């Protein structure tokens, strides 16, 4: 019994699927990273449930202007758009690699008319000949993935596609963190400008008082010179802060893709709410969802798979080909009975000697995997350090806020007392100047300290890869109460 050529070709392709054995090269396993189970600064035992992260962590500051700026940046920032383009390219490359699982089918068509000479080079008189040949056929080609080369290529391509997505998320997290920090800097400069405006007013009043007292003969020229110098120093401070504000505004314009961005002074800086502190029992496993950690892991998976691709070159490459169509000397008869053509075959390629080229490629892939592993471990360890640093900063800035508020209140009280004593003639004007400088510095330091407190929260959000959701915090506290009750 003679089998139809179509049946033979289909059978060959079907058998290739079953012949596909295990892929050569190492299978990926996530490396163990020796890290503590929880961050000691959170205070209680870690729960087994990881806190789900809030990707829109900046909303926890409750500032509508900050939310608007972030939305503009996510839509218009060019670094983020470039990262999205790279992600799309990696996803397309993964689709291209996946096409190797399926046989390639091509349409072949040709039309040839050839006229030969009656006088050939051999001198034999054969007579002139004209030959026509017309062909239309489907060609099929397929590589048997016996050693897993195609599977490892696809494994690497899928990992690189995911790496592209996590690279985009890393850029997104860095961008939103930078916007939040820069916006908070601009807000604190607005607060410092407000403080400086009060200082200018206070020192102008002091100058007026000194001038009046000098006219009355009870103040010296020294007092007058000191009052004028203090007023000029406050004016210089005002100009420095205006320059700083313009720089922050320009940076926000760049980050948001709005070169002409203009931001009005908004509200009271001290009215910006501090985000909730991290919940007790914050597990270090949160680092597993940080985008740069996931990016490094996917790069490690891809490097691991490329070892298998390189090792597959030690084994033969086997390909199947087939052709089915029609061929005729007369194009009018091309699809008539008796013009069918077909072919089926296979080919094997195995390098016998290539001067160690295959081994060198395996060594290169192995070294690349070792480098990717070292990068992964370093990123995880650095991420853990960044979270610890941010937790320490949050704790210490909270205590510093209290101390700076007390310092500012005391400095304001001291200024009021020295001003009253000077007007009563009990102290010289130098005491008033000292108290004014002390109050001005205390106010600026307090505002900067609150900015540092808020930015430390931003740093923690960035270090964790996002914020924590209040619903998880509530459930975590409830479970902690249940455990303590038991």
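The figures follow:
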{"item": "Of residues in the stretch 417-450 being under 43 Å from the mean Cα position of the chain (by Cα) and surrounded by fewer than 22 Cβ atoms within 10 Å (Cβ to Cβ), the one nearest to residue 241 (Cα to Cα)", "result": "444"}
{"item": "Matching entry among 410, 383, 372, 367 (being farther than 26 Å from residue 223 by Cα and surrounded by fewer than 17 Cβ atoms within 10 Å (Cβ to Cβ))", "result": "367"}
{"item": "Residue count, the stretch 422-439 (criterion: in contact with a helix residue (DSSP H, G or I) (Cβ under 8 Å, 6 or more places away or on another chain) and over 12 Å from residue 210 (Cβ atoms))", "result": "8"}
{"item": "Residue 142 vs. criteria closer than 30 Å to residue 301 by Cβ and more than 36 Å from the chain's Cα centre (by Cα)", "result": "yes"}
{"item": "Residue count for the stretch 208-221, restricted to those that are touching a residue at least 12 places away in the same chain (Cβ under 8 Å) and either touching a strand residue (DSSP E or B) at 6+ places or on another chain (Cβ under 9 Å) or surrounded by fewer than 17 Cβ atoms within 10 Å (Cβ to Cβ) (or both)", "result": "2"}
{"item": "Filter result (out of contact with any strand residue (DSSP E or B) (no Cβ under 7 Å at 6 or more places or on another chain), in a helix (DSSP H, G or I) and more than 15 Å from residue 270 (Cα to Cα)) within the stretch 56-65", "result": "58, 59, 64, 65"}
{"item": "Among the candidates 419, 415, 369, 407, residue that is within 21 Å of residue 296 (Cα to Cα) and either at pLDDT below 90 or touching a helix residue (DSSP H, G or I) at 6+ places or on another chain (Cβ under 7 Å) (or both)", "result": "369"}
{"item": "Residue match in the stretch 136-156 (condition: in contact (Cβ under 8 Å) with a residue 12 or more places away in the chain, farther than 26 Å from residue 349 by Cα and either in contact with a helix residue (DSSP H, G or I) (Cβ under 7 Å, 6 or more places away or on another chain) or buried (at least 22 other Cβ atoms within 10 Å of the Cβ) (or both))", "result": "no"}
{"item": "Filtered residue count, the stretch 180-189, keeping only those that are closer than 11 Å to residue 269 by Cα and surrounded by fewer than 21 Cβ atoms within 10 Å (Cβ to Cβ)", "result": "1"}
{"item": "Criterion violated by residue 287 - all others in (1) in contact with a helix residue (DSSP H, G or I) (Cβ under 7 Å, 6 or more places away or on another chain); (2) crowded, with 16+ Cβ neighbours inside 10 Å; (3) at pLDDT 90 or above satisfied", "result": "(3)"}
{"item": "Among the residues listed as 198, 192, the single one being part of a helix (DSSP H, G or I), more than 30 Å from residue 383 (Cα to Cα), modelled with pLDDT under 90 and touching a helix residue (DSSP H, G or I) at 6+ places or on another chain (Cβ under 6 Å)", "result": "192"}
{"item": "Residue 152, sole failed condition from (1) modelled with pLDDT under 90; (2) out of contact with any strand residue (DSSP E or B) (no Cβ under 7 Å at 6 or more places or on another chain)", "result": "(1)"}
{"item": "Unmet criterion (only one of (1) assigned to a strand (DSSP E or B); (2) without any contact (Cβ under 8 Å) to a residue 12 or more places away in the chain) for residue 81", "result": "(1)"}
{"item": "Residue 251 being surrounded by 13 or more Cβ atoms within 10 Å (Cβ to Cβ), in contact with a helix residue (DSSP H, G or I) (Cβ under 7 Å, 6 or more places away or on another chain) and more than 27 Å from residue 445 (Cβ to Cβ)", "result": "no"}
{"item": "Residue that is farthest from residue 149 (Cα to Cα) [pool: residues in the stretch 332-353 that are surrounded by 13 or more Cβ atoms within 10 Å (Cβ to Cβ) and out of contact with any helix residue (DSSP H, G or I) (no Cβ under 7 Å at 6 or more places or on another chain)]", "result": "333"}
{"item": "Residue 48, sole failed condition from (1) surrounded by 13 or more Cβ atoms within 10 Å (Cβ to Cβ); (2) modelled with pLDDT under 85; (3) outside any helix (DSSP H, G or I)", "result": "(1)"}
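The values are calculated or read from the model by the stated rules, or taken from the named source; none is laboratory data. Worth saying up front: this structure is predicted, and the values here are computed from it rather than measured. Glycine gets a Cβ as well: all are built from the backbone with ideal geometry, and neighbour counts include every protein chain shown.
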